[in-house]
Structures are given as C-alpha cells and as structure tokens.
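Just so it is clear, none of the values below were taken in a lab; they were calculated from the coordinates. Quick caveat, the model's predicted, so the values are computed rather than measured. Cβ coordinates were reconstructed from backbone atoms using ideal geometry, including for glycine residues, and neighbour counts include every protein chain displayed.
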Amino acid sequence: MKVIRVLLVAGLLALIPLASPLWAAEEAPASPQEPTSPQLTSSDCIKCHPQIVHQIQEAGASHKTAVTCTDCHEGGHPPLVPKEQIIPKCSKCHQGKSHFELPNCLACHRNPHQPLNIVFEGETKPACKTCHPQQVKEVNEHPSAHAEVDCSFCHTKHGYIPSCLKCHEPHREGQQFEDCVKCHSVHKPLNITYGMDIPNMDCGACHGDIRELLESGTTKHAKLACVFCHRGVHGIIPQCETCHGKPHPQAMLEKFKGCLDCHQDPHNLAK
Ligand code: HEC
Ligand code: HEC
Ligand code: HEC
Ligand code: HEC
Ligand code: HEC
Ligand code: HEC
Ligand code: HEC
Ligand code: HEC
Ligand code: HEC
Ligand code: HEC
Ligand code: HEC
Ligand code: HEC
C-alpha cells in the first residue's frame, strides 16, 4: 500500500511542468512555505480519470461548457490533501434560489458530471414546488385521489407526461387523452369544467338515455349540443328564461308552476 502511494505521488509529481515547480515561489519569501500539492490542470485529469472525462463529454451540459474539472476540484489532489476537501459543495456556485436550499442535491442530480440526468426518488413535491408553485398549489387546494400521491407517481421522469389512459379506462370507446383534459384538469380532477367543443357523445357516455331522447326529438332543441345549454361547469342547470325571456303573456304563465308544465322536458319538448 505504502509503495503504491509513493508511486502515485511520484506519478502526480511527474506531471508538473518542469519549468514551473509551483512551490518554487517566484519572489523568495523570508521563510519558505511547506510544499503544497502539485498543481494539476484539467487536461491532466484524463490520464487517470478517463471515464469521468468521458461522462462529461457525453452529457456534462453546463458542467462541461461553463466550468472545468479544477473549478470544482480545487486545492490539490489526494493523497496530499484528503479526498473530502476536493469534493465541492453545490452551494459553492449555486445560491440564491429556493431550489438551491433543498437537502441532498445528489439524490436527484445523481451524477454531478451529468447534472441533467435527473432521477426522482422519495417525496419530490417540495422540490417541484421550487419551480412549479402553481401546480403544487392547485393540487394542495383541491383534495382528490391525485393529491394523495406524489408528483413523481405520474411524472416518473422530469418533463414526462403520462396519458390518463395509462391508469384509467375511458368513459366511452375511442376516447383519447386529448379528450380527457377537455373536461378534467389533471391536478384537480374532480373540478369538471369544459368549453363549447364537447360532442354530445362525451356527455352521452354517462347520460346515454338523455342523449338518445334529445337527438331523437323533432323540435329545435334536438339540434342543440348538451354544452350549449349546460355551459362551462358539470351539473349546471340552465333556466329557460335565460334564453327565451318571457315568451308568453304574464297572465298565462301565472297559472302554472313552470314552463315544463306544458313543455314537459327540455330534452323532448312538447310544443
Ligand atoms: C496520475 C493519475 C491521476 C491524475 C493525473 C489525476 N488523478 Fe485524481 N485520482 C487518482 C487516483 C489514483 C485517485 C484515488 C486516490 C485515493 O484513493 O487516495 C484519485 C482521486 C481523485 C478524487 C477523489 C476521488 C474519491 O475517491 O473521492 C478526485 C475528485 C480526483 N481524483 C480528481 C482529479 C482531477 C480533477 C484531476 C485533474 C485535475 C485528477 N484527479 C488527476 C489519480 C489521478
Ligand atoms: C460542477 C462541479 C464538478 C465538475 C465540473 C467536475 N466534478 Fe468531479 N465531482 C464533483 C462532485 C460533487 C463529486 C462527488 C460526487 C459524489 O459524491 O457522488 C465529484 C467526484 C469526482 C470523482 C470521484 C468520484 C468518482 O466517480 O470516481 C472524480 C475522480 C472526479 N470527480 C473527477 C472529475 C474530473 C476528471 C472532472 C473533469 C473532467 C470533474 N470531476 C469535473 C463535481 C465536479
Ligand atoms: C464550480 C462551480 C459549480 C459547482 C461546484 C456546481 N456547479 Fe452546477 N453549474 C455551474 C455553472 C456555472 C452552471 C451554468 C450556469 C447556471 O445554470 O447556473 C451550472 C449548471 C448546473 C445545472 C444546469 C445544467 C444545464 O446545462 O442546464 C445543474 C443541474 C447543476 N449545475 C447542478 C449542480 C449540482 C447538483 C452541483 C453539486 C453536486 C453543482 N451543480 C455544482 C457551476 C457549478
Ligand atoms: C427532487 C429532485 C431535485 C433535487 C433534490 C434537486 N434538484 Fe436541481 N433540478 C431538478 C429538476 C427536475 C430540475 C429541472 C431540470 C430541467 O430544467 O431540465 C433541476 C434543475 C437544477 C438546476 C438548473 C436550473 C436552475 O434553476 O439553475 C440547477 C443549477 C440545480 N437544479 C441545482 C440543484 C442543487 C444545487 C440542488 C441541491 C441544493 C438541487 N438542484 C436539488 C431536480 C432536483
Ligand atoms: C429547477 C427548476 C425545476 C424543478 C425543480 C422542476 N422543474 Fe419541471 N420544468 C422546469 C422547466 C424550466 C421546464 C420547461 C418549461 C417549459 O418548457 O415550459 C419544466 C417542465 C416540466 C414539465 C413538462 C411541461 C410541458 O408542458 O411539457 C413537467 C411535467 C414538469 N416540469 C414536472 C415537474 C415535476 C413533477 C417536478 C418535481 C418532481 C419538476 N418538474 C421539477 C423546471 C423545473
Ligand atoms: C399514473 C396513474 C394515473 C394517471 C396517469 C392518471 N390518474 Fe387519475 N387516478 C389515479 C389513481 C390511482 C386514482 C385513485 C383510484 C381510482 O380512482 O382509480 C385516480 C383517480 C382519479 C379520479 C377520481 C378522483 C377522486 O378523488 O375520486 C379522476 C377524476 C381521475 N383520476 C382522472 C384522471 C384524468 C382525467 C387523468 C389524465 C388527465 C388521470 N386521472 C391520470 C391514477 C392516475
Ligand atoms: C395523476 C397524475 C399526475 C400527478 C399526481 C401530477 N401530475 Fe402533473 N401532469 C399530469 C398530466 C397528465 C399532465 C398533462 C395535463 C394536460 O395536458 O392538460 C400534467 C402536467 C404537468 C405540468 C405541465 C404544465 C401543466 O400544468 O399542464 C407540470 C409542470 C406538472 N404537471 C407538475 C406537477 C407537479 C408539480 C405535481 C405534484 C404537485 C404533479 N404535476 C402531479 C399528471 C399528473
Ligand atoms: C365530457 C366531460 C368528460 C370527459 C371528456 C371525460 N370525463 Fe371523466 N368524468 C367526467 C365527469 C362529469 C365525471 C364525474 C362523474 C361523477 O360525478 O361520478 C368524471 C369522472 C371520471 C373519473 C372518476 C371515476 C369515474 O369513472 O366516475 C375518472 C377516473 C375519469 N373521469 C377519467 C376520465 C378519462 C380517463 C377521460 C378520457 C379518456 C375522461 N375522464 C374524460 C367528465 C368527463
Ligand atoms: C363520467 C360520467 C359523466 C359524464 C361524462 C357526464 N356526466 Fe353529468 N352527471 C354524472 C353523474 C354521476 C351525475 C349525478 C350527480 C353528480 O354526481 O353530480 C351527473 C349529473 C349531471 C347533471 C345534473 C346535475 C343535477 O343537479 O341534477 C347535469 C345537468 C349533467 N350531469 C350534465 C352533463 C353534461 C352536459 C355532460 C357533458 C358535458 C355530462 N354531464 C357528462 C356523470 C357524468
Ligand atoms: C341555452 C339556451 C336555451 C335554453 C336554456 C332553453 N332553450 Fe328553448 N330553444 C333554444 C334555441 C336556440 C331554440 C331554437 C330557436 C330557433 O331556432 O328559433 C329553442 C327553441 C325552443 C322551443 C321551440 C321549439 C321548436 O321546435 O319550435 C321551445 C318550445 C323551447 N325552446 C322551450 C324551452 C323551454 C321550456 C326551456 C326550459 C326548460 C328552454 N327552451 C330552454 C335555446 C334554449
Ligand atoms: C335546450 C337546452 C338543453 C339541452 C340542449 C340539453 N339540456 Fe339537459 N337540461 C336542460 C334543462 C333546462 C334541464 C332542467 C330540467 C328540469 O328542470 O327538470 C336539464 C336537465 C338535465 C339533467 C338533469 C335532470 C335529468 O333529466 O336527469 C341532465 C343529466 C341533463 N340535462 C343532461 C343533458 C345532456 C347529456 C344533454 C345532451 C345530450 C342535454 N342535457 C341537453 C336543458 C338542456
Ligand atoms: C300553458 C302552457 C305553457 C306554458 C306554461 C309555457 N308554454 Fe311555451 N308554449 C306553449 C304552447 C302551446 C306553445 C306553442 C305556441 C305556438 O306554436 O304558437 C308554446 C311555445 C313556446 C315557444 C316557441 C315560441 C315560438 O315562437 O316558436 C317557446 C320558446 C316557449 N313556448 C317557451 C316557454 C317558456 C320559456 C315558458 C316558461 C317561462 C313557457 N313556454 C311556458 C305553452 C306553454
């Protein structure tokens, strides 16, 4: 072991350019300093750490382009300095955002030489919150089965968006992921809202008899879409008067409880 160490130190020393031994101070100090570790440059590292250099070449991202090996690993090299001393803390360069206050950076950024190869493990919600506060707020404020699981239950990789159909059956045959999110907002799936582009068959998936009744009718209501009357929010019931005002003389209307006394059913009008 000792021999190996000596050889290693010798190897490292051999890498120092002869012309400039670092401990030979340019202006001779009064009392010469202890010899410090040999000063390696980033181009030396490849000689003994080819795999790491390769990893950075492959996917180093900004850690390849914006910094060098020795920006991070500075102050010498083992065994002349302890290993821990040359492993940088992320906070050396990354400060000032809530994201940089998280514990255990390397839990997600598993390999500092490939910082964007991110792995999710354990509860990720507090970390997601540092960059996506809106989605976390939405989930927290709207209790549902989706709020009870971690973000990474669905987003297994950063940026990956699963289809609802991976976990749920559709309401009707042929219904696609794009259809689901027209009614459900995934982070608050029980708040069901929609625009004017929902076809009757999507409502009919659960209200099949009403759809049949409406579409088989012979009055002008038969040509209207469900969402033309039931606008925006699931379960909303429109008033006839909102669209028709007062179509009959007041004296006539006063004798009846409501429009449906005569017209029977909005989905199957009696004229
Ligand atoms: C002559 C070969 C050689 C060169 C050149 C070299 N290293 Fe090393 N390095 C080693 C060896 C061998 C070890 C293991 C030392 C030990 O375990 O005591 C090591 C250990 C390390 C460690 C600590 C690893 C740990 O186990 O925690 C880091 C960080 C490191 N080197 C970075 C660098 C950087 C950065 C460069 C370029 C500036 C570099 N090395 C150049 C041979 C070298
Ligand atoms: C952005 C900072 C950063 C840069 C740039 C960087 N490293 Fe590292 N390196 C680290 C950190 C942090 C660790 C400790 C990783 C850990 O604890 O899992 C590490 C660990 C190491 C290790 C020991 C662990 C191992 O996997 O063997 C070696 C050797 C090493 N780096 C060499 C290099 C070399 C060579 C380069 C340049 C090609 C380099 N590093 C560039 C931050 C950096
Ligand atoms: C010596 C300085 C330094 C250290 C130490 C350092 N980084 Fe970086 N890192 C940078 C710079 C510079 C950038 C590019 C500018 C930026 O995004 O801030 C960067 C970018 C990143 C990026 C984005 C990469 C990209 O290309 O978009 C991630 C992720 C990252 N660092 C994670 C870490 C983690 C995790 C650690 C600790 C293991 C760490 N860094 C340590 C300097 C450093
Ligand atoms: C729960 C996982 C997780 C943890 C823990 C984590 N990060 Fe990140 N980090 C991410 C994700 C996801 C991104 C976004 C990557 C992207 O945009 O592709 C990111 C992006 C970054 C970036 C680049 C974007 C930016 O805002 O500059 C840096 C730098 C970074 N992280 C540093 C850190 C540091 C330092 C720590 C520890 C204090 C840390 N991260 C902890 C998941 C994590
Ligand atoms: C450091 C900041 C950061 C962290 C932490 C982070 N993200 Fe992101 N995320 C981003 C950025 C930046 C984008 C790209 C935004 C864009 O393209 O509009 C993004 C994109 C996404 C997308 C894709 C959006 C789209 O429209 O395609 C999803 C999904 C996502 N993040 C989920 C998460 C989850 C879940 C977490 C926690 C596990 C997380 N992110 C953590 C910064 C982060
Ligand atoms: C990774 C799996 C997964 C994905 C993807 C997913 N869900 Fe869920 N969802 C669940 C689980 C698990 C439950 C709770 C058990 C159940 O009801 O099946 C749930 C429950 C629900 C509920 C009932 C909520 C409650 O509190 O009762 C609705 C509505 C829902 N999901 C809609 C959707 C929609 C719409 C999408 C796509 C935008 C989607 N889900 C994507 C797993 C998933
Ligand atoms: C049940 C699965 C599920 C869970 C849990 C979940 N998401 Fe999503 N997320 C999705 C789906 C599906 C989409 C795409 C929605 C769409 O296209 O309308 C999405 C979209 C996103 C986006 C892209 C922007 C947007 O709002 O459409 C971000 C960012 C995001 N999610 C972050 C998060 C965060 C943070 C959490 C945890 C608080 C989380 N998600 C929890 C399934 C989920
Ligand atoms: C036309 C609007 C609409 C569309 C499109 C839609 N849903 Fe729904 N979904 C609802 C309504 C309304 C409920 C609530 C029923 C209730 O109160 O029981 C619901 C409930 C659910 C539930 C809770 C369990 C259940 O079956 O009652 C799940 C899961 C679900 N939808 C998944 C999906 C998926 C997956 C898609 C796409 C394939 C989708 N939804 C498309 C309106 C829609
Ligand atoms: C996944 C099945 C499902 C789908 C899809 C669905 N509904 Fe419903 N709907 C229900 C259930 C179940 C009820 C019973 C009351 C409740 O739970 O809200 C209901 C109730 C209603 C009510 C009556 C509320 C009340 O107060 O009596 C209306 C109106 C309604 N739905 C209209 C629609 C329209 C319009 C669509 C299409 C945009 C639609 N529904 C799509 C399941 C569904
Ligand atoms: C969201 C608007 C809306 C609501 C709510 C509504 N209607 Fe209509 N109704 C219409 C439209 C549009 C027509 C067709 C008018 C035309 O083409 O002249 C119509 C036509 C009618 C007609 C004539 C049918 C025909 O074939 O000539 C009757 C009767 C009628 N509505 C009764 C009602 C009653 C009763 C209610 C309440 C139970 C009601 N409507 C609710 C929009 C609505
Ligand atoms: C012309 C407007 C109009 C159209 C089009 C329409 N509805 Fe209605 N719907 C109403 C009105 C008004 C009521 C309230 C009736 C009452 O007070 O009894 C109602 C009641 C309902 C109810 C709850 C009461 C019940 O009958 O169960 C459901 C569910 C419903 N509609 C679903 C649908 C669906 C599904 C469609 C499309 C196939 C549709 N509606 C089309 C106006 C309409
Ligand atoms: C006493 C029974 C009765 C009541 C109550 C009643 N209607 Fe009518 N309504 C009729 C009859 C009968 C017609 C057909 C008259 C015609 O064809 O000239 C009619 C016609 C209509 C028409 C079609 C007018 C046109 O110009 O084509 C609308 C719209 C209408 N009613 C809406 C309503 C609304 C809204 C209410 C409740 C405020 C209501 N009705 C209450 C009996 C009634």
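Odds and ends about this structure:
- Percent of Cα-Cα distances greater than 18 Å, calculated over segment 194-271: 46 percent
- For segment 120-192, the normalised intensity computed at q = 0.23 Å⁻¹ comes to -1.16 (log10 of I(q)/I(0), Debye sum over alpha carbons, equal scatterers, no solvent).
- C-alpha center-to-center spacing [segment 89-137, segment 224-271] in angstrom: 55 Å
- With the highest mean first, a sort of the peptides 196-209, 86-99 on other beta-carbon atoms found within 10 angstrom per residue produces 196-209, 86-99.
- Mean ellipticity per residue at 222 nm, deg cm²/dmol - from DSSP H runs of n ≥ 4 across the chain, formula -39500 (n - 2.57): -8500 deg cm²/dmol
- Set of aspartates and glutamates near K92 by C-alpha distance (under 19 Å), chain-local residues within fewer than 8 positions excluded: D71, E74, E84, E101
- Helix 50-59 vs. the chain, principal-axis angle (Cα, 0 to 90°, nearest 10): 30 degrees
- The GluC sites (Glu not before Pro) of segment 155-220 that meet both conditions, a loop assignment by DSSP and at most 15 other Cβ atoms within 10 Å of the site Cβ, are E173.
- Loop sites in segment 62-140: GluC sites (Glu not before Pro), DSSP, at most 16 other Cβ within 10 Å: E74, E121, E123
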